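Structure first, then comments.
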Amino acid sequence: MAGTVARWAALAGCLAGGAIGWARLPEVPADPPAERFSATRAMALVRGWATAPRPSGSPQHAATLSSVGDALTAAGFVVTPHPFTIGDVRGVNLVATAPGADDRDGVWLVAHSDSAPESPGASDDGFGLAVVVEAARALAVDGPPADLKVLITDAEELGLYGARAEAARAKGARRVVLNVEARGAGGPVYMFQTAGPTGPVLAAWQRSGCRVQATSLARTVYDALPNATDFLVFRRAGWTGYDFALIHDAWRYHTPDDTPAGLDPRSVQQAGDCVTGLARAWLDAGGAAAATGPEDAAVYAQIAGTTFVMPAAAVRLSGAAALVVALARRRPDARGGVVLGVAAWLGAAVASVAAGVAMLVLFPYVQPDFWERVAEAPGAEGRFVALAAVGGVVPAAALTLARRWGPAERGWHGVSALLGAAAAILAPTVGYAFVPGAFAAAFALRGRPWMAGGAAFAAGVVVAPVMQAIYPALTSRAAPVLAAMPLLMLAWLAPGVRREGAASQRR
Ligand SMILES: [Zn+2]
């Protein structure tokens, strides 16, 4: 019976972490004060711009630019067009500043004006454009602060051209950039990467009151993907900042379905409150001059509604501690079954990925557009979870077989603890998520079901928000392999814990 504690605790942790961590979208205030961001005003802007696709250089694009310029002028900014030519691409960036202010340094709100050719782009990037324009208005009710600037880039969809032109124009400038983007079309807002010295960047974040989903894991994963936003150019220019995006409902991204009707005003309100809060935090701190310090790899995560910031060294130490727990006081009989346990773990991992790849290859034989149908329609996340369960049958069978022979569990838990600890030590920005799981495995290895259960609960709480972020962002290409990923995570809890003999209970 004690053996089941860890598994149930982990499941409960996943459910608790999912329920607490689930980003609830704010209500849109009916009649907000002038200095508060209003999604109602922002949505009216989006509805005006996203009536048709506005690829760079199109009439719809020109009309949108002039509307954006008018709105910023009405808010008290001086708007200057900056035409650019890079290779065959021509475009126009807009820069807005307070009257008489310089256009180099400062706190910059950024979004791009163009859309994909077939998409009205209500989310990408009508959402960002409206958030930036309405946030600038809210921040400028008593006149635009001298340090607050707005940049509207052009030709982002063609290859980040506007951002590149601006980085060249303002070479050597000192900036804090708040970039608002979309890599999906709905759901809660994610702050998925930062740039610059993480000390002041995360201190301003904590002061801002902004509590949208944010984890250092996202930037590490994102860096490995081929996608890029303007923010990548700003990061390379040495500027400090934050990159925000909608990532859910990826099936509508860059399609004719990305219309204003599909954009949730509560997502807009959440992004707007966050961006205005963050801009105020930086303006109060003295602007971009406050962005000093080394760019180290800070670890941060939004867990149960709170942003936790941890030094990378602390995560590394925790990983090492899990390893010590796992390895300490090895019993003489502990070697039995280790090889089998290691083989079972690796076998289950391979089976898990193979099940995903098999689904990728075989399902289209039954229905050619199977994966498009799964991924590119509402409710994709639920179907991925169902497919994860289907793909999980094979590795689950491997787990059950391994569990039939008690000693093999030690090898199993050993691998789990080792991998979790290694992730924490080698890549703390990502590995923080595996530390509780590593402890769960380490305590399981030592035959401590209740301690393992507590750690497994924590593992569920920490990992659930990560899974919630990943699933809705999947598209058909990544779907099948990632559908099998939860099975690897099951490795931390699946075999459970057997209470060892008297020797371990005395300790
Ligand atoms: Zn975009």
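The values are calculated or read from the model by the stated rules, or taken from the named source; none is laboratory data. Nothing here was measured: the structure is a model prediction, and the numbers come from that model. Don't worry about glycine lacking a Cβ; one is built from the backbone with ideal geometry, like all the others, and counts go over all protein chains shown.
Values computed for the structure shown
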{"quantity": "In the stretch 468-486, the residues that are in a helix (DSSP H, G or I) and in contact (Cβ under 8 Å) with a residue 40 or more places away in the chain", "calculated": "Gln468, Ala469, Tyr471, Pro472, Ala473, Ala479, Pro480, Val481, Leu482, Ala483, Met485, Pro486"}
{"quantity": "Hits in the stretch 139-154 (condition: touching a Phe, Trp or Tyr at 6+ places or on another chain (Cβ under 6 Å) and assigned to a loop (DSSP other than H, G, I, E, B))", "calculated": "Pro144"}
{"quantity": "Residue list for the stretch 155-199, restricted to those being in a helix (DSSP H, G or I) and crowded, with 19+ Cβ neighbours inside 10 Å", "calculated": "Tyr161, Gly162, Ala163, Arg164, Ala165, Glu166, Ala167, Thr198"}
{"quantity": "Failed condition for Pro332, given (1) modelled with pLDDT of 80 or more; (2) out of contact with any Ser or Thr (no Cβ under 8 Å at 6 or more places or on another chain)", "calculated": "(1)"}
{"quantity": "Tally of residues being of a type outside the set (Phe, Trp, Tyr) and either within 9 Å of the chain's Cα centre (by Cα) or not in a loop (DSSP other than H, G, I, E, B) (or both) across the stretch 207-248", "calculated": "24"}
{"quantity": "Members of the stretch 94-123 that are within 16 Å of the ligand (Cβ to nearest atom) and surrounded by 24 or more Cβ atoms within 10 Å (Cβ to Cβ)", "calculated": "Leu109, Val110, Ala111, His112, Ser113, Asp114, Ser115, Ser119, Pro120, Gly121, Ala122, Ser123"}
{"quantity": "Matching entry among Ala285, Ala351 (being modelled with pLDDT under 90 and farther than 22 Å from Gly460 by Cα)", "calculated": "Ala351"}
{"quantity": "Among the residues listed as Ala130, Ala136, the single one being more than 16 Å from the ligand (Cβ to nearest atom) and either surrounded by fewer than 24 Cβ atoms within 10 Å (Cβ to Cβ) or in a helix (DSSP H, G or I) (or both)", "calculated": "Ala136"}
{"quantity": "Pairs with Cβ under 6 Å, 6+ apart, first in the stretch 212-237 and over 20 Å from Arg477 (Cα atoms), second in a loop (DSSP other than H, G, I, E, B)", "calculated": "Gln213/Ala23; Asp230/Glu156; Asp230/Leu160; Val233/Leu160"}
{"quantity": "Among residues of the stretch 143-171, those that are in contact (Cβ under 8 Å) with a residue 40 or more places away in the chain and away from the ligand (no atom under 16 Å from the Cβ), counted", "calculated": "13"}
